[in-house]
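Visitor: Starting off with a structure, shown below.
The values are calculated or read from the model by the stated rules, or taken from the named source; none is laboratory data. What you see is a predicted model; the values in this text were computed from it and never measured. Heads up, the Cβs are rebuilt from the backbone with ideal geometry, glycines too, and the neighbour counts pull from every protein chain shown. Protein only, heavy atoms only, side chains kept; ligands, DNA and RNA dropped before computing areas. Shrake-Rupley method; radii C 1.70, N 1.55, O 1.52, S 1.80 Å.
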Amino acid sequence: MSTRLLQNVIAGRSVPAHGTGRMELIDPATEEAYGQAPVSDQADVDAAYAAAADAFSIWRDTTPADRQLALFRIADAMAARVEEFADLESQDTGKPRATLVADEIDQSVDQLRFFAGAARSLEGRAAGEYLAGHTSYVRREPVGVIGQVTPWNYPLNMAVWKIAPALAAGNTVVLKPAETTPLSTLLLAEIVAEHTPAGTLNVVLGDRATGAALIAHPTPQMVAITGSVRAGMAVAESAAADLKRVHLELGGKAPAIVFPDAALDKAAAGIVSAAFFNAGQDCTAATRVLVHASIHDEFVRALVARTASHARTGGPREEGVFFGPLNSAAQLAQVQGVVDRLPAHARIETGGHRQGERGYFFAPTIVSGLRQDDEAVQSEIFGPVLTVQPFETEEEALALANGVPFALAASVWTRDHARSLRFSRDLDFGCVWINTHIPFVSDMPHGGFKHSGYGKDLSQYGFDDYTRIKHVMSALD
């Protein structure tokens, strides 16, 4: 296998890093090294921000129509190279190659096109005489240079979620992708450079220290990450030192609440898909099934049967694979550690172990018998592990669902319309699905509460997060 030697993208060009450190890229399906990425240092971060600041003086003054056209051209260029993007994403993540285009790459293209439209949909109060003798109006402006850090679970999707609204609003960006999954982001940066002023999007590769330098740098007016709660807290603390705006999309522990009147076959199928898609490495994954006690045993059997028939894990080129490996040896150890520490009252219904001798594969796992204060219920596992707990009443179901530190997503499975409305109101989560779990659309917001962070991705709300509001008042005489 040929070894890739990666470089940063700064001011529209691929350039070697100043930092001398190197990181090996490891194929999570084979555990073989296939490339090296630099560990960028302060000089690299300085250069990227200097390029972004220079580009901002140009990009902020482009018209919304021009920014829209540029984003459409970027989306079209991505669409023309979807197979290349899918190959890179599969190489970095081990995801099933056969479904990557439909599952992720096409969505990224659509999200770029959505924000291209948003560039020309600025909203604000109408100009008027709100004070006698004076006319007021509102300007919606770009924030400035934005620092962004993206995760390894959806490398291309998360990069697009971050850069598309930022660029549409007239900002420029310095972005650090996760150290294990940089390939698709570098290709995206090359495409963006072909259709925007040099330095509009800059990509610096590196480790946690690189990311910390990117966040702490004095140039950005806003920083945005998708990552763990720990990372989000560190970002918020660092940004507070000079009052940067902060956008945090963090962890989740999504409940799926199942009532006896639900279409149980559909519920089992939907929850299994939402639990094990992408090996459960998804902050919106269905991780906690809360099922009415009267159907608990029946539903556990249905989940196990559906998992056996539809949730196969394997290599990216194998046929019939639903999900691939975990991201890294560290993530495999994290998931195995939670399972190994299960209390005596827990019951592993299926799975619970590594699969195969090579690659970071973990068998789809269902655990019953857990209590609300158990680690597997309270902590984000970020792997293919689904827990099941019974409840007796609606009040108990709500208490169990809301009784975790996370508040990103949840689902309710019932045919009772009034109940679904009550739960959509009372569930303390940023997204509530009814009789489904995990679909996204570019037009609707995504983001959580509590330890799941703040700020919205996707939708007009995501666009608004990358703008600032200015009031202008003029005397009429």
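Visitor: I want the local charge near VAL385. Using Cβ-Cβ distances under 15 Å, sum +1 for each Lys or Arg and -1 for each Asp or Glu among the other residues.
Guide: -1
Visitor: Distance check, please: which entries in LYS244/LYS470; LYS253/LYS450; LYS95/LYS162; LYS95/LYS450 exceed 19 angstrom between their Cα atoms?
Guide: LYS95/LYS162; LYS95/LYS450
Visitor: Within 15 Å, Cβ to Cβ, of PRO445, how many net charges do the neighbouring residues add up to if Lys/Arg are +1 and Asp/Glu are -1?
Guide: -4
Visitor: Sticking with this one: Can you give me the accessible area per residue for the chain, using a 1.4 Å probe, in Å²?
Guide: 40 Å²
Visitor: Another question, then. Cross-link partners among aspartates and glutamates for LYS266, C-alpha distance below 19 Å, same-chain residues fewer than 8 apart left out?
Guide: Once the sequence-local aspartates and glutamates are set aside, what remains near LYS266 is ASP297, GLU298, ASP416.
Visitor: Helix 229-240 against the longest principal axis of the chain: what's the angle in degrees, Cα atoms only, rounded to the nearest 10?
Guide: 20 degrees
Visitor: Ignoring ligands, DNA and RNA, please state the percent of accessible area on the range 299-356 from carbon and sulfur, probe 1.4 Å.
Guide: 49 percent
Visitor: Moving to a separate point now. For the range 78-164, run through the GluC sites (Glu not before Pro) and keep only the ones in DSSP coil with at most 13 other Cβ atoms within 10 Å of their Cβ.
Guide: GLU123
Visitor: As I understand it, the value is the acute angle between the Cα axis of helix 155-168 and the longest principal axis of the Cα atoms of the chain; what does it come to in degrees, rounded to 10?
Guide: So the inclination is approximately 30 degrees.
Visitor: Could you sort the peptides 32-43, 178-189 by per-residue average Cβ neighbour count (10 Å cutoff), highest mean leading?
Guide: Working: 32-43: 18.0, 178-189: 24.3.
Packing order, densest peptide first, comes out as 178-189, 32-43.
Visitor: Among DSSP bridges having both ends in the chain, what percentage is antiparallel? Round to the nearest 5.
Guide: Beta bridges within the chain, antiparallel portion: roughly 40 percent.
Visitor: What size of dipole, in debye to the nearest 20, comes out for the range 266-321 about its Cα centre when the only charges are +1 on Lys and Arg C-beta atoms and -1 on Asp and Glu C-beta atoms?
Guide: 40 debye
Visitor: Working from Cα positions, state the angle (0 to 90°, nearest 10) between the long axis of helix 417-426 and the longest principal axis of the chain.
Guide: The answer is roughly 60 degrees.
Visitor: Two decimals, Cα atoms only, Kirkwood Rh: what is Rg/Rh over the range 102-185?
Guide: Dividing the radius of gyration by the Kirkwood radius yields 1.17.
Visitor: Please report, as a whole percent, how much of the solvent-accessible surface of the range 1-63 comes from carbon and sulfur atoms (probe radius 1.4 Å). Could the numbers behind the result be given before it?
Guide: On the way: 1560 of 3120 Å².
Carbon-and-sulfur percentage of accessible area, whole number: 50.
Visitor: Using a 1.4 Å probe over the heavy atoms of the protein chains, calculate the carbon and sulfur portion of the accessible area of the range 419-477 as a whole percent.
Guide: Details: 1720 of 3050 Å².
Reported share for carbon and sulfur atoms: 56 percent.
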